[in-house]
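FYI, it's all coordinate maths here, none of it is from the lab. Values in this document were obtained by computation on a predicted structure and should not be read as measured data. Cβ placement follows ideal geometry from the backbone for every residue including glycine, while neighbour counts extend to all protein chains displayed.
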Amino acid sequence: MTLNLPWEQTEIQIALPDNCGTVVLEPNEVPVCSDANGAVYEALFSGGWDEFIKAPGKLLVIVNDGTRPTPTRTVLEILADELDAAGAEFIVATGVHRAPTETELEYIFGSTLERFRSCISAHNARTDETFVIGTTSRGTEVKLNSKVRQAERVLIIGSVEPHYFAGYTGGRKGLLPGVAAYSTIEQNHKLALSPRAQTLALHGNPVHEDMLEACRLIDKNVLTIMTVLDRNQNLYGVTAGGLEDAFDAAVQKADEVFVVPLKQQADAVIACAKYPMDIDLYQSQKAIENAKLALKSGGTLILVSACRDGIGEDTFRDLLASCPSPEAVYSKIEAGYRLGYHKAAKIAEICSKANVAAFTGLDSDVLKSVFINPVENLQQTVDELISVNQGNTKFLLAVMPDASVTVPHLQNS
């Protein structure tokens, strides 16, 4: 048996013995959306678009950065004339991540890039001017990019997929963390240390609820367009309207695609972070989080990700590298939280319960410093894993070609 695995924007292959118990976990197959233009306008018609786009006042459009598969360019190409006529200004919601490269801007804006280039900026959580709109009941002081204050109308274009501590991406995340100040993001993301901050969890999830509360403080005319992609990153569904209503409707569509039934947990999991979510280890960790749901305690997890930009945020790497063991990470976090520590806590958790390895573009020493075993030759490592378990007739290998958004759901759980 030969399996094709995503690697950057191409594929690599691994060969498996025909007698190796293998299950491939990937997003469910759903009907293809054959008319993107019609789907977008149908959603907008019921979501209040006509009233919104004709309303007076400055229009700010918030779009995702280039590390998300959001079909922003598709939506913008459909709405370009109306947005241009409205004098729209655009801001890329980077959160705490870097500004998009030229290639990523082309990926985000497609054929509209040159048309809107002079109106595009990228949020910088550390240096951009921000304004305070209030404080949530959990103590998060909500500071947003001043471009939000300067606008009378705000359009958020996003996509909804499972997220390992916010429950799902999309909706409120366009504002927080998208265009929020560093301190605001840090305060909110500290809540990710809660055991209730999990994939698919919304009710009782402190991160999600804090984000929602923050968004409710905004006294603006806000409209959102939420998209859901299929397993091939083609458009599956579109919702539009108020921030919460459009998000909730998109969550239902996202579950149809990304929540995958699993009969039993596997002894080993190969988890791929698919482009563009393979940008760095910080983002690729989302693939690890979903993969652990399919893995038996004490099993082996192999991450496959190019990590094109390296490690990502230094904070979580520095914390892990400063600790002698995964267990020691928690003590340091308790001594004082910094943004990125939630990511370190998640990695420490899985590394204390499983053998975690990774086939990446990172140096071996970098991986070892975060308790991950480097894989130099993926085929050889897989062969050795199967050989060691050849006496185990019940051995099961799970392969997740798009682990960043595939959520295994154990059927008897």
(request) For the chain, give the share of DSSP beta bridges that are antiparallel, in percent and rounded to the nearest 5; count only bridges with both residues there. (result) 30
(message) Please compute the modelled spin-label separation between Thr135 and Asp81, points set 7 Å along Cα→Cβ, answer in nm with one decimal.
(response) 5.0
(message) Under the 0.36 nm per residue contour assumption, what length would be gained going from the current alpha-carbon distance of Lys368 and Asn355 to full extension?
(response) 3.5 nm
(request) Which order do the peptides 61-71, 224-234 take when ranked by the mean count of other beta-carbon atoms within 10 Å per residue, highest first? (result) 61-71, 224-234
(message) Taking 22 Å as R0, compute the FRET efficiency from the Cβ-Cβ separation of Val30 and Asp245 and round it to 0.05.
(response) 0.50
(message) If I take R0 = 56 Å and measure r between the Cβ atoms of Gln13 and Arg117 in this structure, what FRET efficiency does the formula 1/(1 + (r/R0)^6) give, to the nearest 0.05?
(response) 0.90
(message) Quick check on the exposure proxy: order Val207, Val154, Val259, Val148 from fewest to most C-beta atoms within 10 angstrom.
(response) Val259, Val148, Val154, Val207
(request) For Leu410 paired with Glu256, estimate the spin-label separation in nm (one decimal), with each label point 7 Å from Cα along the Cα-to-Cβ line. (result) 2.9
(request) Tally the DSSP beta bridges in region 36-258 and give the antiparallel ones as a percent, rounded to 5. (result) 40
(message) Computed from the coordinates I sent, Rg/Rh (Cα atoms, Kirkwood Rh) equals one of (i) 1.38; (ii) 0.97; (iii) 1.01. Tell me the label.
(response) (ii)
(message) What distance in nm separates the two pseudo spin-label positions at Lys220 and Asp318, each 7 Å out from Cα along the beta-carbon direction?
(response) 3.1
(message) Compute, for region 196-332, the length of the dipole vector about the Cα centre, with Cβ point charges of +1 (Lys, Arg) and -1 (Asp, Glu) only. Units Debye, rounded to 20.
(response) 440
(request) Could you line up Val366, Val160, Val405 from fewest to most neighbouring Cβ atoms inside 10 Å? (result) Val366, Val405, Val160
(request) Quick one: which residues, 5 or more positions from His409 or on another chain, have an amide H under 5 Å from its amide H? H modelled 1.01 Å from N in the peptide plane, none for Pro or chain starts. (result) Val260, Leu262
(request) Report ³J(HN,Hα) in whole Hz for each residue of region 212-227, in order, from the Karplus equation J = 6.51 cos²θ - 1.76 cosθ + 1.60 where θ = phi - 60°; Gly and Pro get x. (result) 4, 4, 4, 5, 5, 7, 7, 9, 9, 7, 10, 10, 10, 10, 10, 10
(message) Considering only C-alpha atoms, what is the centroid distance from region 79-100 to region 251-273, in Å?
(response) 32
(request) Could you work out the per residue convex hull volume over the alpha carbons of region 36-258, in cubic angstrom? (result) 111
(message) Give me the extension gain from Thr127 to Thr101: residue separation times 0.36 nm, minus the current Cα-Cα distance, reported in nm with one decimal.
(response) 7.5 nm
(message) Run the helix sum for the chain: -39,500 (n - 2.57) per DSSP H stretch of 4+ residues, divided by residue count, reported at 222 nm to the nearest 500 deg cm²/dmol.
(response) -9500 deg cm²/dmol
(request) With r as the distance between the Cβ atoms of Ala328 and Ser297 and R0 = 25 Å, compute the FRET efficiency 1/(1 + (r/R0)^6) and round to 0.05. (result) 0.75
(message) Using only Cα atoms and rounding to the nearest 10 degrees, what angle (0 to 90) does helix 243-258 make with the longest principal axis of the chain?
(response) 30
